[in-house]
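Okay, so here's the structure we're looking at.
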Amino acid sequence: MNWWETEFVSVRGNRLQIAGREAAELAELYGTPLYVYGKDRILELYARLDDAFAQHSALPARICYAMKANPHRGILRLLRKRGAWIDAVSPCEVETALKAGFPAERILFTGTSVSRADLRSVFAVDGLTVNIDAAEQLDLMSEVKREFPGQTIRVSVRWNPGIGRGFNAKAITAGKRSSDGTPIKFGVEAKKVIDVFTRARKLGFRPVGLHQHLGSGWVREDFGKVQTAVDRMVRKAREVEKAGFPLEFIDFGGGFGPRYLKSRGVFPVEDYIAYLSDAVAKAGLSAKALAIEPGKYLVGDAGVLLLGVEYVKESYGNIFACVDGGTFNTVPRPAIYLSAHHEIVNASRIDGESQARITVAGNLCETGDVFGRERSMPLPRSGDILAVLCAGAYCRSMASNFNMREIPREILV
Ligand SMILES: Cc1ncc(COP(=O)(O)O)c(C=O)c1O
């Protein structure tokens, strides 16, 4: 069995199967490029989180799907039926979640650099919780709140615990600076948290939660630092409660990822849930619920992008599989983050005698438009179907129309 195989993607007769169907057949039926997402895989991953909470936590869990990972309507409806909550970061995401049937009470809006217009549209959704990202945001919130007299507006505070973790400097969202020195813009500094709760209440908001999000794409090696951040969160929650703000929920954010690379260890999600549940229980907090915000974990490896090989080109000793899609329009992660890796398999012949070092080149006018650089794989032929794995998260949702190319069709199987 290959390291990347799951019940969603597997091999039969040297050809790739997606949810039990021939990848090449799906490509023929729907055309390429094509995103294929797997319902059963998403539900299985959701169940793992749900079961871990059921086993380790006395408190109910809110599994808030970070819909920025993939706001496909079918995925949203699937997760809503399964009992998920929503992490939304823009008014349009809130509106999409409502349209998919999520009640406002199950939506947490976490904005950054929020505008009056953003606040107006989220305050209009009665029952939703607004996460405060900055002490300095409160004046604006108070001003907009006047347009909603008599309405109870639930708020939580996103604090920055001073530790961040992520697979790439651009995906670290807590701490003072990211690993490349970029100042981190998110969250309220530790020393200002109580003041934000106090002022929020004074201004007539109803504080109900404390939130943190460290970053995205954790692997096994991140577990130690993540545990330290959990400990900090619990200490801060205790401080908040002692200051007279009983918390309805504590939200640990998202961050744990699927396996993108063979060489990286998988983040121990179940141990993480056990750890945070235990830390909260031991602290004797009055919090009524624990929340996490998985994006990548739920949908990352439940998605595949199928590409057709147009021709194979040789130039100065480099061999290119020239495919019918471009990274920016389909799987932009490798073009945005140099360290983002997506495994690529030839769905038409998984193994073959003539292994070659292939660069999978897209159809955009940009040297960086490569899905994978010098990957070892059987020499593709014109008409072969290549599958870019782990394409369920931050692919379609980050895709653009660069070069005026279309964004591919998506199917949920
Ligand atoms: C506030 C917040 N919560 C959750 C997530 C989801 O992260 P991931 O997809 O890594 O689980 C993000 C992503 O950046 C986020 O900004």
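I'm trying to understand the selection: among the residues of segment 375-396, which are crowded, with 17+ Cβ neighbours inside 10 Å and not hydrophobic (A, V, I, L, M, F, W, C)?
R375, P378, P380, D384, G392, Y394, R396
For the condition buried (at least 19 other Cβ atoms within 10 Å of the Cβ) and free of Cβ contacts under 8 Å to residues at least 24 places away in the same chain, what is the one hit in I63, I75, I42, I86?
Going through I63, I75, I42, I86 in turn, the sole match is I86.
Go through the residues of segment 212-230 one by one and say whether even a single one is under 20 Å from A61 (Cα atoms) and in contact with an Asp or Glu (Cβ under 6 Å, 6 or more places away or on another chain).
For segment 212-230, residues under 20 Å from A61 (Cα atoms) and in contact with an Asp or Glu (Cβ under 6 Å, 6 or more places away or on another chain): absent.
Can you say whether V345 is surrounded by 18 or more Cβ atoms within 10 Å (Cβ to Cβ), within 28 Å of the chain's Cα centre (by Cα), of a type in the set (A, V, I, L, M) and not in a loop (DSSP other than H, G, I, E, B), as far as the supplied structure shows?
Taking the combined requirement at face value, the residue satisfies it.
Assigned by TED's automatic domain parsing to the domain that holds E189 and closer than 26 Å to P332 by Cβ: which single residue out of S113, S142, S90, S121 fits that description? Quick ask: steps written out before the conclusion?
Working: S142 fails: closer than 26 Å to P332 by Cβ; S90 fails: assigned by TED's automatic domain parsing to the domain that holds E189; S121 fails: closer than 26 Å to P332 by Cβ.
Unique residue meeting the criteria: S113.
Is one or more of the residues making up segment 223-231 in a loop (DSSP other than H, G, I, E, B), charged (D, E, K, R) and at pLDDT 95 or above?
no
Which residue, of D139, D133, is at pLDDT 95 or above, over 25 Å from Y275 (Cβ atoms) and exposed (fewer than 15 other Cβ atoms within 10 Å of the Cβ)?
The match here is D139.
Which residues, counting only those in segment 351-374, are closer than 27 Å to R12 by Cβ and buried (at least 20 other Cβ atoms within 10 Å of the Cβ)?
Once the filter is applied, which keeps residues that are closer than 27 Å to R12 by Cβ and buried (at least 20 other Cβ atoms within 10 Å of the Cβ), segment 351-374 yields I358, V360, F371, G372.
Filter segment 171-185 for residues that are surrounded by 12 or more Cβ atoms within 10 Å (Cβ to Cβ) and of a type in the set (S, T, Y); which is nearest to the ligand (Cβ to nearest atom)?
The extreme case among them is T173.
Is it fair to say K242 is in the same structural domain as P33 (by TED's automatic domain parsing) and charged (D, E, K, R)?
no
Count, please, the residues in segment 367-393 that happen to be under 27 Å from E25 (Cβ atoms) and either part of a loop (DSSP other than H, G, I, E, B) or within 16 Å of the ligand (Cβ to nearest atom) (or both).
Count: 11.
Checking E293 against (1) out of contact with any strand residue (DSSP E or B) (no Cβ under 8 Å at 6 or more places or on another chain); (2) under 24 Å from V130 (Cα atoms), which test does it fail?
With (1) out of contact with any strand residue (DSSP E or B) (no Cβ under 8 Å at 6 or more places or on another chain); (2) under 24 Å from V130 (Cα atoms) applied to E293, the lone miss is (1).
Return the residues of segment 146-170 that are small (G, A, S) and either more than 19 Å from the chain's Cα centre (by Cα) or surrounded by fewer than 22 Cβ atoms within 10 Å (Cβ to Cβ) (or both); say none if nothing qualifies.
The answer is G150, S156, G162, A169.
Identify all residues within segment 309-354 that are aromatic (F, W, Y) and at pLDDT 95 or above; write none if there are none.
Selection gives Y311, Y316, F320, F328.
If a residue must be more than 16 Å from the ligand (Cβ to nearest atom), surrounded by 24 or more Cβ atoms within 10 Å (Cβ to Cβ) and in a loop (DSSP other than H, G, I, E, B), how many such residues does segment 288-330 contain?
3
If you take the residues of segment 275-287 that are part of a helix (DSSP H, G or I) and exposed (fewer than 15 other Cβ atoms within 10 Å of the Cβ), which of them is nearest to the ligand (Cβ to nearest atom)? Steps first, answer last, please.
Here is the first cut: in segment 275-287, the ones part of a helix (DSSP H, G or I) are 275-283.
So of that shortlist, the ones also exposed (fewer than 15 other Cβ atoms within 10 Å of the Cβ) come out as 278, 282.
Details: D278: 21, K282: 25 Å.
The qualifying residue nearest to the ligand (Cβ to nearest atom) is D278.
Answer yes if at least one residue in segment 92-115 is touching a Ser or Thr at 6+ places or on another chain (Cβ under 7 Å) and either away from the ligand (no atom under 16 Å from the Cβ) or on the phi > 0 side of the Ramachandran plot (or both), and no otherwise.
No - not one qualifying residue is present in segment 92-115.
When you check I350 against the structure, is it in contact (Cβ under 8 Å) with a residue 24 or more places away in the chain and part of a loop (DSSP other than H, G, I, E, B), yes or no?
On the way: in contact (Cβ under 8 Å) with a residue 24 or more places away in the chain: yes; part of a loop (DSSP other than H, G, I, E, B): yes.
Against the criterion (in contact (Cβ under 8 Å) with a residue 24 or more places away in the chain and part of a loop (DSSP other than H, G, I, E, B)), I350 qualifies.
Of all residues in segment 241-274, how many are crowded, with 16+ Cβ neighbours inside 10 Å, farther than 21 Å from Y65 by Cβ and touching a residue at least 60 places away in the same chain (Cβ under 8 Å)?
2
Looking only at segment 48-73, which residues are away from the ligand (no atom under 16 Å from the Cβ), in contact with a helix residue (DSSP H, G or I) (Cβ under 8 Å, 6 or more places away or on another chain) and among the small types (G, A, S)?
Across segment 48-73, the qualifying residues are S57, A58.
Just give me the residues in segment 376-406 being of a type in the set (K, R) and farther than 14 Å from P334 by Cα, in sequence order. So that I can check it myself, show each step before the final result.
Applying the first criterion (of a type in the set (K, R)) to segment 376-406 yields 381, 396, 405.
Listed by number, the residues that qualify are R381, R405.
The values are calculated or read from the model by the stated rules, or taken from the named source; none is laboratory data. Predicted model only: the values in this text are computed from it and were never measured. Reconstructed Cβ throughout: ideal geometry from the backbone, glycine too, with neighbour counts over all protein chains shown.
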